[in-house]
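Structure first, then comments.
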Amino acid sequence: MTAVLPSRPAERPAGGKLIDQFEYGLDAPICLTWELTYACNLACVHCLSSSGRRDPRELSTAEAEAVIDELQRMQVFYVNVGGGEPTVRPDFWHLLDYAIGHDVGVKFSTNGIKLDAARAQQLARTDYVDVQISLDGATAEVNDAVRGTGSFATATRALENLAEAGMKDFKVSVVVTRENAGQLDEFKALTDRYGAQLRITRFRPSGRGADVWDRLHPTQAQQRDLYSWLLANGDQVLTGDSFFHLSALGEALPGLNLCGAGRVVCLIDPVGDVYACPFAIHEQFLAGNVRSPGGFQQVWQHSELFADLRNPQTGGACTKCAHFDACRGGCMAAKFFTGLPLDGPDPECVQGYGETALAARDLELVTPRSHLDHSHKGPVRGQPTMLGLPSIPAKLCDESPLAGLPLS
Amino acid sequence: MRGVLIDGSPAPAVGQPVAGAVTDTAVPFDPAVPWRKSPSVALRPEPFGALVYHFGNRKLSFLKSKPLVAVVTALEAHPDVPSTLAACEVPEGQHRAYVTALATLARSQMIERRPEESA
């Protein structure tokens, strides 16, 4: 399991820059992502966790409460809750209150399906909770192609409800793709209209994202535009520190320019498995399970995998690059799921080394796939059409069995 | 740091800044009055110092050395900053740097002026 990880020295230096300290890991994560369920009403083409169907082994309410107790003991001050669609768990609202009551703040991501006026008012009354509504297009056309018909309407209705309820500081969360990269100003305007805050994050080839990555990941030109846009607008926009690979274009972006996987962040998945990061649901990055003896703390502090991740990279092609200090080699998950070595360039390396590396891959190479897939097996209402891009060829029987047939 | 990972608006990391470093000109920090760690703030020990979290404004910050953690914790027990630094055996030559670090923490409300003790 550790063979592909770059070799590193093991001693933590005293003093020095904070980012260097972070590379050696913390006693508890700064924050972590917790996906409460694999169930989801949508079937987004780029879902990072291949969600859709609930897993029968998902943590029970009592087990989830025990995780929260443990996070409180470890002084993890907030968690990013997601899924799947977390609000479809019947105990979601209970767990939200439970976490807040135990000094664990919650920021949850939702497609908005359950955020009616009453829930919006409830959230507006609750301290210490943040809401992120996912939207991957500033227009219904762009959004619904990847998230499904009607999902733009659902999300904007939720935004309206939150704004009307007087909720403060809620977020619109956007995954930047080739299709929406040109809409950043529109996203900003839409977000401002609701009094919300814009959050944009990087699209990774994780989960079903791997299936559409070639078609949806931003082009080099888009990445340069995005970088300029972030430098101009960075103060008002959250990024989850996810674009640090762009820092190799010049000036460092604000935030933590470092892969935090297993060092300062991690993922707890719906069945309690702990992965190095939310974009790394693969056996290779599985550190343990919260149900095992010692719970989450044991996994975080003593797993072999995390120990391996907590050393600075000293070898590999990237360490010889002039920009290594800026991008630190980029995103581990992006490299892994595109079949690139972890100590080499990010597939979207802004210096172009990623493209070279992708082109040099063995033609026979089968890129790694997650062992998990909770995707819906049958059709889902509003199923995204993007899977058929460039466009689904119109079939004769689409509208009427007789449409288009020469009838004379 | 904004972030998946880590969003929010953490205050800048607080280390042992170069003596005399001026970072802000807003409200001047008065080391001669009593201070304390804000009651809304939690310190989480880390190998390099501590993670600081303010439950009120949800700001996250870091203390980059263990002696600084000791000083922040000890503020409450002393009438002013110089006596706190002396009690924590901070070498005289570093006092200015510590005052600068504490001023940064005061600006992000991680430490606050202690209400006047009743006589």
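No lab work stands behind these numbers, since they all come straight from the coordinates. Keep in mind that what you see is a predicted model, and the values were worked out from it rather than measured. As a convention, Cβ positions derive from the backbone with ideal geometry for all residues, glycine included, and neighbour counts pool all protein chains shown.
Counting neighbouring beta carbons within 10 Å and listing from fewest to most, the residues A:123, A:363 come out as A:363, A:123.
Take each residue in B:48-61, count the other chain C-beta atoms within 10 Å of its C-beta, and the mean is 4.
Here each label is just a point 7 Å from Cα along the line to Cβ, and for residue A:189 and residue A:289 those points are 5.1 nm apart. Charges were assigned to the Cβ only: +1 to each Lys and Arg, -1 to each Asp and Glu. The resulting dipole of the protein assembly as shown about its Cα centre is roughly 100 debye.
The lysines within cross-link reach of residue B:64, meaning a Cα-to-Cα straight distance under 18 Å and a gap of 8 or more places when in the same chain, are A:17, B:37. For chain A, modelled as a GNM whose springs connect Cα atoms under 10 angstrom apart, the maximal fluctuation among A:361, A:369, A:202 occurs at A:361.
With both labels modelled 7 Å from their Cα along Cα-to-Cβ, the residue A:297 to residue A:320 distance reads 4.6 nm. Only Cα pairs under 8 Å and 6+ residues apart enter the sum, and on that basis the relative contact order of the stretch A:1-122 stands at 26 percent.
Mean projection of the Cα convex hull over all viewing directions, computed for the protein assembly as shown: 29.0 nm². Pairs of Cα atoms in the stretch B:44-119 fall into 5 Å distance bins, from 0 up to the last occupied one, in shares of 3, 15, 26, 26, 19, 9, 3, 0, 0 percent.
Comparing A:287, A:165, A:43 in a Gaussian network model of chain A (Cα springs below 10 Å), the most mobile by mean-square fluctuation is A:165. Computed over the stretch A:185-269, relative contact order equals 26 percent, with contacts defined as Cα pairs under 8 Å that lie 6+ residues apart. Set the Förster radius R0 to 35 Å, insert the Cβ-Cβ distance between residue A:72 and residue A:373 as r into 1/(1 + (r/R0)^6), and round the FRET efficiency to 0.05. Result of the calculation: an efficiency of 0.60.
Go ahead and set up a Gaussian network model of chain A, Cα springs under 10 Å, then flag whichever of A:124, A:322, A:280 fluctuates most. In the Gaussian network model the winner is A:322.
Among beta bridges from DSSP that stay inside the protein assembly as shown, the antiparallel ones total about 40%.
Among the residues of A:233-240, the average count of other protein chain beta-carbon atoms within 10 Å of the residue beta-carbon is 3.
Label-to-label distance for residue A:235 and residue A:60 is 5.2 nm, based on points extended 7 Å past Cα in the beta-carbon direction.
With contacts taken as Cα pairs under 8 Å at a separation of at least 6 residues, chain A carries a relative contact order of 21 percent.
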